[in-house]
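Chemist: Sending over a structure as structure tokens; questions will come in a sec.
The values are calculated or read from the model by the stated rules, or taken from the named source; none is laboratory data. No experiment lies behind these values; they were computed from the predicted model shown. Here the Cβ positions follow ideal geometry from the backbone for every residue, glycine too, while neighbour counts run over all protein chains shown.
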Amino acid sequence: MRDMKAKGRQPKFIGRGGENAARRKLTKEQVQQIRTIYASEKAERLMMRGKFAPGRKLQEELAVRFGVSQTTISSIVLHKSWK
């Protein structure tokens, strides 16, 4: 790894995540907004519908709203990305 770095062969994308990622579609503020909306909406829907867990449906709605995939929303709310 040191040899690769010393010779300038290290890919430029290593260590770049979140807002520094080259192909990002969301800002840090949008990620915070997604997490806040998800937490409050999920709690509200759970209270209204009893034991029904609306997680995926809510994630799909947020995905459409923010122009990303449901998988991206899932990763964000589970803190697998944008940690």
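Chemist: Residues in region 36-57: is at least one at pLDDT 90 or above and loosely packed, with under 15 Cβ neighbours inside 10 Å?
Modeler: Yes, region 36-57 has at least one match.
Chemist: For region 1-35, enumerate the residues that are of a type in the set (A, V, I, L, M) and modelled with pLDDT under 70.
Modeler: Matches in region 1-35: M1, I14, A21, A22.
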